[in-house]
1. Test of understanding: among 154, 170, 138, which residue is closer than 20 Å to residue 255 by Cβ and not aliphatic (A, V, I, L, M)?
2. Is it the case that some residue within region 139-147 is touching a residue at least 24 places away in the same chain (Cβ under 8 Å), away from the ligand (no atom under 15 Å from the Cβ) and of a type in the set (Phe, Trp, Tyr)?
3. Before we move on, is residue 100 part of a loop (DSSP other than H, G, I, E, B) and within 15 Å of the chain's Cα centre (by Cα)?
4. Exactly one condition in (1) open to solvent by less than 50 Å² (accessible area, probe 1.4 Å); (2) within 16 Å of the ligand (Cβ to nearest atom) is false for residue 201; which is it?
5. For region 45-62, indicate whether the set of residues that are within 26 Å of residue 220 (Cβ to Cβ) and without any contact (Cβ under 8 Å) to a residue 12 or more places away in the chain is non-empty.
6. For region 78-89, enumerate the residues that are open to solvent by 10 Å² or more (accessible area, probe 1.4 Å), in a loop (DSSP other than H, G, I, E, B) and more than 10 Å from the ligand (Cβ to nearest atom).
7. I'd like to know if region 98-118 contains one or more residues that are within 12 Å of the ligand (Cβ to nearest atom), in contact with a Gly (Cβ under 6 Å, 6 or more places away or on another chain) and either of a type outside the set (S, T, N, Q) or under 27 Å from residue 357 (Cα atoms) (or both).
Amino acid sequence: MPAPNSPTSDLPYARQSIDDDDVAAVVHALRSPLLTTGPQVAAFEADFAALVHAAHAVAVSSGTAALHAAMFAIDAGPGDEVIVPPLTFVATANAVVYQGATPVFADVDPATLLIDPACVEATITPRTKAVVAVDYAGQPCDYARLRDVCRRRGLKLVADACHALGGADGDRPAGSLADLSAFSFHPVKHVTTGEGGMVTTDDGRLAQRLRAFRNHGITSDHHQRRREGSCRYEMLELGWNYRLSDVQCALGRSQLRKLAARVARRREIAATYDELLRGVEGVEPLAVRERVGHAYHLYVVRIGPGGGGHAAGTAARLEAAQEAGATRDLVFSRLRAAGIGAAVHYPPVHLHPYYRRRFGLAAGLCPVAEAAAERLLSLPMFPEMTKDDVGRVVAALQEALHGAVADGARFAGMRHA
Ligand SMILES: *Cc1c(COP(=O)(O)O)cnc(C)c1O
């Protein structure tokens, strides 16, 4: 069996890091009296809140649960619209639908692929309740402008920060940039608890709603009842069992201690990619905003010739997008054949059959995101990658591009050395 990351082993696009002290923390929690709703949950929440400069952190069972809880906390419901970007995981928009509200898609900036505040503003109607910004690939959005739009229009701002733990906008860390921020601890993310999530907020009333929501909508937990010497409890609203166990929170605390070092390593890997890809025709990394602390959950490039989403007519644009998509798909399968685990983040959410059918959506709604999506490729990115691994990915990518051209992909306006 080849050693991990040997030149012949497969490189996945993401991989968790689990150390001996993570294992020890889990074993310790397993042998303690409380496996859930015990001291590890509160300790993980306190560590997390301090790390992201938030007043409150509420642990939940997944990033999806975090987004759902956020939509509940702001009282999004039937008749309300919530603005979301199309280039995200389906869970961002699904959380809106869980609450009976309507997701409305606002296009992204062509350079960064982050939700465009001007498109957000143009999408607001009297029914709009909130905006969900997604820190795509780990780069925090333009929160100064988004907060300004939301303040002026009386909207709540929610951050889907599932990519951005350890990132920052100016000197404010992800988790402190919006009214509510959602994080995921899925194994591909920066910190893992197997499955898990967190919501952060500075608003005590919202935090209280989040805590009730993850526990069936019941106002107290067993600690409170014991403290009060009471056997009574009340369910005020419909909630869910979205709790995270003490075993998972113990793992989360142990993982959190290594976050800064791992984000620093991800930035080094990204810098190596940037350097090796400079001047490579047909591969375009995403732009990084000024004064942003990129957390590099993903390293995303666009394959094939540029041009953004602003080609002359709709028909010409669709044809160009299809051509780009075919090229990207060829590059993807050639990388896979070479043992390089590339991935596509994401097919635009509004074009999934469910969203087309349920909300009557179609191509053309978000032209920038739709054109970009056909060209997107996420290259392997995880802290244990070596510089040689990055070199191997870039060499395989160049070979795959040349191969794709030989396979008949047309690169209008593209030169190949
Ligand atoms: C991972 C992710 C989620 C969902 O998190 P889970 O923990 O898998 O439920 C939501 N939004 C984004 C942008 C994500 O990357």
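1. So the residue among 154, 170, 138 that is closer than 20 Å to residue 255 by Cβ and not aliphatic (A, V, I, L, M) is 138.
2. The answer is yes, given that some residue of region 139-147 is touching a residue at least 24 places away in the same chain (Cβ under 8 Å), away from the ligand (no atom under 15 Å from the Cβ) and of a type in the set (Phe, Trp, Tyr).
3. Details: part of a loop (DSSP other than H, G, I, E, B): yes; within 15 Å of the chain's Cα centre (by Cα): no.
Spelling it out, it is not the case that residue 100 is part of a loop (DSSP other than H, G, I, E, B) and within 15 Å of the chain's Cα centre (by Cα).
4. So residue 201 meets the others, but not (2).
5. Applying the first criterion (within 26 Å of residue 220 (Cβ to Cβ)) to region 45-62 yields 45-50, 54-62.
Those left that are additionally without any contact (Cβ under 8 Å) to a residue 12 or more places away in the chain: 46, 50.
Checked region 45-62: at least one residue is within 26 Å of residue 220 (Cβ to Cβ) and without any contact (Cβ under 8 Å) to a residue 12 or more places away in the chain.
6. 78, 79, 80
7. No, every residue in region 98-118 fails to be within 12 Å of the ligand (Cβ to nearest atom), in contact with a Gly (Cβ under 6 Å, 6 or more places away or on another chain) and either of a type outside the set (S, T, N, Q) or under 27 Å from residue 357 (Cα atoms) (or both).
The rows are residues; the columns are (1) charged (D, E, K, R); (2) at pLDDT below 90; (3) surrounded by 19 or more Cβ atoms within 10 Å (Cβ to Cβ).
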| position | (1), (2), (3) |
| --- | --- |
| 241 | no, no, no |
| 246 | yes, no, yes |
| 268 | yes, no, no |
| 273 | no, no, yes |
| 299 | no, no, yes |
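The values are calculated or read from the model by the stated rules, or taken from the named source; none is laboratory data. All figures in this text were calculated on a predicted structure; none of them were measured in a lab. Don't worry about glycine lacking a Cβ; one is built from the backbone with ideal geometry, like all the others, and counts go over all protein chains shown. Surface areas here come from the heavy atoms of the whole protein model, side chains and all, with no ligands, DNA or RNA. Shrake-Rupley method; radii C 1.70, N 1.55, O 1.52, S 1.80 Å.
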